[in-house]
Structure formats: C-alpha cells, structure tokens
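**Student:** This structure is in structure tokens; I'll ask about it shortly.
The values are calculated or read from the model by the stated rules, or taken from the named source; none is laboratory data. Source: prediction; values computed, not measured. Virtual Cβ from ideal backbone geometry, glycine too; neighbours counted across all protein chains shown.
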Amino acid sequence: MKKQLALLSAAAIIVLGGCGSEPTEQSDPNTNQTQTEQSGTGQSGTDQNQTGQTGTEQNNSDQMDMNHSSSGEVPDGLKKADNPTYPVGSKVILKSDHMEGMNGAEATIVGAYETTAYEVSYTPVTGGEPVKNHKWVVHEEIKDMTNQTLKDGTEVTLEADHMPGMKGAPAVIDSSEMTTVYMVDYTPTTGGEPVKNHKWVTEDELSAE
C-alpha cells in the first residue's frame, strides 16, 4: 500500500511539474510584445521620416514663395529712367531687407525706371494673414491708376504679381515716394538659387559695390 502511495505521489509531482512548465513556455508572448514594441518603434520612425519630409517640403515651399524671381516684364506705361544713378549692368550692394538674404547681397542692375513707389498693406486673394507695409508696388501696378500720386490711406486694387495672392488683392497705400526704382539680379547672402529680375528696390536701398 505504501509503495502504491509513493508511486501516486511521484506521478502527482510529475504532473504538477509539467503544469508548472507551461508558463515558462508561454514566455514567448513577452518576446512577441518586444517585437510589437520594436514594430511600433519602427512605425514611429516612419512617422518621424514622414514628418521630416513634410517639414522639408514646407521649407521648400516657403523658399519658393520667398524667391521673387520674375520674367522681367514691366507694366504698361512704366518709363525707363533717362539718367539713372545706377545704369543697367551696374554692380551694386543691396541695403534693403525685403527678403531674407537680401541685405548686403551683391546685385546687378537689369532695369531702371522713373515712377512713384508705394508701400502697401494688402490681403492676399489666396487667403492667409494680411501683408503689412510691403515694399514696393509702383504706380503703374495699381488698377485703374490715374496720373495723380495716390495719397496715404487710399484704397486700391493691386495689379502687381510679385508674390502669390497679390494680383487682384485689395490694398491700402501706406506711403509713397517719387523715385527711380530698379529691377535687380542677385544671389542671397544666405545661399540658394540666384534671384532674377527682382521687383523693386529704390535708389536709397542701393550702394555702389
């Protein structure tokens, strides 16, 4: 009888030992969890890459908006300056800060015109925040312009297309000055592509090279 009890006890120990080994074998879910976490980390890395790409695309978009290159066409009625201080072909230094990388940049004069230059505030037709004190829009770029210089505070519609959303935008004249305006080519001091036919800089925003 004792021998039978001993055998039963041994069998029970073996069974219990077998049951106790199952959680150890089920430790694989921990491995699976680790793999899931790693997979999650990988997804996060993908998201970061996508975010970085979006940021890059946004930066490129901003730079495109800031690059004020143009075809070089001028509005009807804009008269060439007879004897400009800086003739076409002159090398000059820009003293204006209309755009990043402009102040201190070396430039070449590609056009000089006698007109009235306006500083304006306007709301882009493409939406977004109003633009304050934009320099410059010339008299010939005002819709339905007359021969009279416009007074400060006059509400106008812009025909200029220097920036996205400018053409057709309602604007207010902030200030004006009769001057020679120049179209210039220059390379930004911050690097990047050269800007061609930038409109406009005034005479007091230039200095001899």
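**Student:** Any residue in the stretch 121-133 that is buried (at least 18 other Cβ atoms within 10 Å of the Cβ) and of a type in the set (A, V, I, L, M)?
**Tutor:** For the stretch 121-133, residues buried (at least 18 other Cβ atoms within 10 Å of the Cβ) and of a type in the set (A, V, I, L, M): absent.
**Student:** Run ASP144 past the list (1) among the charged types (D, E, K, R); (2) surrounded by fewer than 17 Cβ atoms within 10 Å (Cβ to Cβ); (3) within 23 Å of SER96 (Cβ to Cβ) and report the number of the one that doesn't hold.
**Tutor:** That leaves (3) as the condition not met.
**Student:** Taking the stretch 103-155 on its own, how many of its residues are part of a loop (DSSP other than H, G, I, E, B), at pLDDT 95 or above and aliphatic (A, V, I, L, M)?
**Tutor:** Result for the stretch 103-155: 3.
**Student:** For the stretch 173-183, does any single residue satisfy the condition of being assigned by TED's automatic domain parsing to the domain that holds PRO124, outside any strand (DSSP E or B) and either within 29 Å of GLU106 (Cα to Cα) or not small (Gly, Ala, Ser) (or both)?
**Tutor:** Looking through the stretch 173-183, none of the residues is assigned by TED's automatic domain parsing to the domain that holds PRO124, outside any strand (DSSP E or B) and either within 29 Å of GLU106 (Cα to Cα) or not small (Gly, Ala, Ser) (or both).
**Student:** When you look at THR190, is it in the same structural domain as GLY101 (by TED's automatic domain parsing) and touching a helix residue (DSSP H, G or I) at 6+ places or on another chain (Cβ under 6 Å), yes or no?
**Tutor:** no
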